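J.: Sharing a structure here in structure tokens format.
The values are calculated or read from the model by the stated rules, or taken from the named source; none is laboratory data. Predicted model, so just to flag it, every value in this text is computed and none were measured. Methodologically, a virtual Cβ is constructed for each residue, glycine included, from the backbone with ideal geometry; neighbour enumeration extends over all protein chains shown. Ligands, DNA and RNA are stripped out before the accessible areas are found, and what is left, the full protein with its side chains, is counted by its heavy atoms. Shrake-Rupley method; radii C 1.70, N 1.55, O 1.52, S 1.80 Å.
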Amino acid sequence: MQAALQAIAEPRRRQILEVVRDHELPAGEIALRFPDVSRPAISQHLGVLREAGLVSERRQGTSRLYSARPEGLAEVREFLSTFWDARLDLLQTVVEHDARQESKKVEEAQ
């Protein structure tokens with residue numbers, strides 16, 4: 001999980017993940033989408049993402065094709081969902097409490 005968090009902490013890497021989220025692309029085409037970044041820098045970003053398990057790399061001839069690996073974020077997602085689940089549980093408790101209070105008010109008014 002640490003490697004994935006460190007990889008996505010860099011905004012450019014998140015942008016690269018968005019580019020390869022839905023389809024596999026060669027490194028050169030990914031680099032073309034970032035004209036302000038050198039190809040070697042894009043290659044380094046792709047290497048970090050690959051090492052973190054967030055993209056897969058497939059060789060086809062002389063090209064390297066990259067695609068997102070959503071399962072690489074599974075552990076991060078599970079970790080973050082514990083916070084979300086706890087907040088939803090708290091919200092449910094508050095809503096149920098408020099509903100009981102409203103119900104009591106209606107009963108007392110009758």
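J.: Applying the selection to the stretch 45-83, what residues are under 20 Å from Arg12 (Cα atoms), touching a residue at least 60 places away in the same chain (Cβ under 8 Å) and either of a type in the set (Ser, Thr, Tyr) or open to solvent by 40 Å² or more (accessible area, probe 1.4 Å) (or both)?
T.: Selection gives Leu73 alone.
J.: Just checking, which of Ser63, Ser43, Ser56 is touching a Ser or Thr at 6+ places or on another chain (Cβ under 8 Å) and of a type in the set (Ser, Thr, Tyr)?
T.: Ser56
J.: For the stretch 1-17, which residues satisfy the criterion of being of a type in the set (A, V, I, L, M), assigned to a loop (DSSP other than H, G, I, E, B) and in contact (Cβ under 8 Å) with a residue 12 or more places away in the chain?
T.: Correct list: Met1 only.
J.: Inspect all residues belonging to the stretch 100-109 and state whether any of them is touching a residue at least 12 places away in the same chain (Cβ under 8 Å) and out of contact with any strand residue (DSSP E or B) (no Cβ under 7 Å at 6 or more places or on another chain).
T.: Checking the stretch 100-109: not a single residue is touching a residue at least 12 places away in the same chain (Cβ under 8 Å) and out of contact with any strand residue (DSSP E or B) (no Cβ under 7 Å at 6 or more places or on another chain).
J.: Checking Leu32 against (1) within 30 Å of Leu80 (Cα to Cα); (2) open to solvent by 70 Å² or more (accessible area, probe 1.4 Å), which test does it fail?
T.: It fails just one condition, (1).
J.: Scan the stretch 18-37 and report the pairs whose first residue is farther than 24 Å from Glu71 by Cβ and whose second residue is in a loop (DSSP other than H, G, I, E, B) and of a type outside the set (Gly, Ala, Ser), with Cβ atoms within less than 8 Å and a gap of 6+ or a chain change.
T.: Between residues of the stretch 18-37 that are farther than 24 Å from Glu71 by Cβ and residues that are in a loop (DSSP other than H, G, I, E, B) and of a type outside the set (Gly, Ala, Ser), the close pairs are Ala31/Val37.
J.: Going through Gln2, Gln15, Gln44 one at a time, which residue ends up being over 16 Å from the mean Cα position of the chain (by Cα) and of a type outside the set (Phe, Trp, Tyr)? Quick ask: steps written out before the conclusion?
T.: Working: Gln2 fails: over 16 Å from the mean Cα position of the chain (by Cα); Gln15 fails: over 16 Å from the mean Cα position of the chain (by Cα).
It is Gln44.
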